[in-house]
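To start, the structure itself, in structure tokens.
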Amino acid sequence: MSQDLRTQKTRTAIEDSLIRLLQCYPFQEITVRMLIEDCRINRSTFYRNYEDKYALIAQIAQRLLDEYRAVLRPEFIVEQELDEERLQSCFRPLVRFFSENREMLSVMRARELPVDLFGDMLALYAQRLLEVLKRHYCLKEPDITMAAYFSRIIASNILTAILWWHEDGSRKEEPELLQLIATTVTKGIFQSMEQQFQKG
């Protein structure tokens, strides 16, 4: 086994341990001793990989944010004649990201942490949407400020629907969630935004 693979396996075990412990204890009460006992490693192994528990939770949040960034499809915001199936296909990778990381994301949302993963997710999505709007409409101030406003509303709307779906115990099936997101975006926010930025 290569050193890199061994290191990655150790880091995954430590990250999993923190998530397990977060299911039972507030972050502030979790110690390095608890972590090393839970994942059966020695103290030096922990400190070889992480400076402390704050660096550990920051690394988990950064990895999740990187994965999240990779599934964002912001181009839908300016596509012409966007039918519901096409719109749903833009949101499907995002919904699946939340499904695949459900346990970890639920625990991180339920606990008070020194990282703001969901705030960072909202800011990143809004920024990606704004970049697309600025390019598409060649915006200048004060329209950029208004575009930032719409971008944040749309990102918040989509993420709120997905988080609600998870917190509600996923009583709705994925296709129902995708349809809900598509409908709320296109029937409300899009019309206001297009009126604001449509040229000629």
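The values are calculated or read from the model by the stated rules, or taken from the named source; none is laboratory data. Just so it is clear, the structure is predicted and the values come from calculations on it, not from any experiment. Ideal geometry is used to build each Cβ from the backbone, glycine not excepted, and the neighbour counts take in all protein chains shown. Areas reflect the complete protein model, heavy atoms only, side chains present, ligands, DNA and RNA absent. Shrake-Rupley method; radii C 1.70, N 1.55, O 1.52, S 1.80 Å.
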Legend entry - Charge context of L22, other residues only, Cβ under 13 angstrom, K/R +1, D/E -1: -2
Legend entry - Normalised alpha carbon radius of gyration of the range 6-93 [divisor 2.2 N^0.38 Å]: 1.56
Legend entry - Length added when fully stretched, Q28-T145, from 0.36 nm per residue minus Cα-Cα: 38.3 nm
Legend entry - Residue list for the range 37-66, given a label point 7 angstrom along the Cα-to-Cβ vector of T10 and an amide N cut-off under 16 Å: 37-53, 56
Legend entry - Rounded to the nearest 10 Å², the accessible area of D16 at probe 1.4 Å: 60
Legend entry - Å² per residue, accessible surface of the range 30-189 at 1.4 Å: 53
Inset, instruction - Report in % the part of the accessible area of the range 127-170 that belongs to carbon and sulfur, leaving out ligands and nucleic acids; probe 1.4 Å. - result: 58
Legend entry - Accessible-area value, S99, 1.4 Å probe, nucleic acids and ligands omitted, Å²: 50
Inset, instruction - Express in Å², to the nearest 10, the accessible area of C138 obtained by rolling a 1.4 Å probe over the protein heavy atoms while all chains stay in place. - result: 100
Legend entry - With at most 16 neighbouring Cβ atoms within 10 Å, loop GluC sites (Glu not before Pro) (DSSP) excluded, longest segment of the chain: 113-172
Legend entry - Percent RCO, i.e. relative contact order, over the range 42-119, from Cα pairs under 8 Å lying at least 6 residues apart: 36
Legend entry - Scaled radius of gyration (Cα, divided by 2.2 N^0.38 Å) that the chain gives: 1.22
Legend entry - Length released on extending from T160 to V71, taking residue separation times 0.36 nm less the Cα-Cα span: 30.4 nm
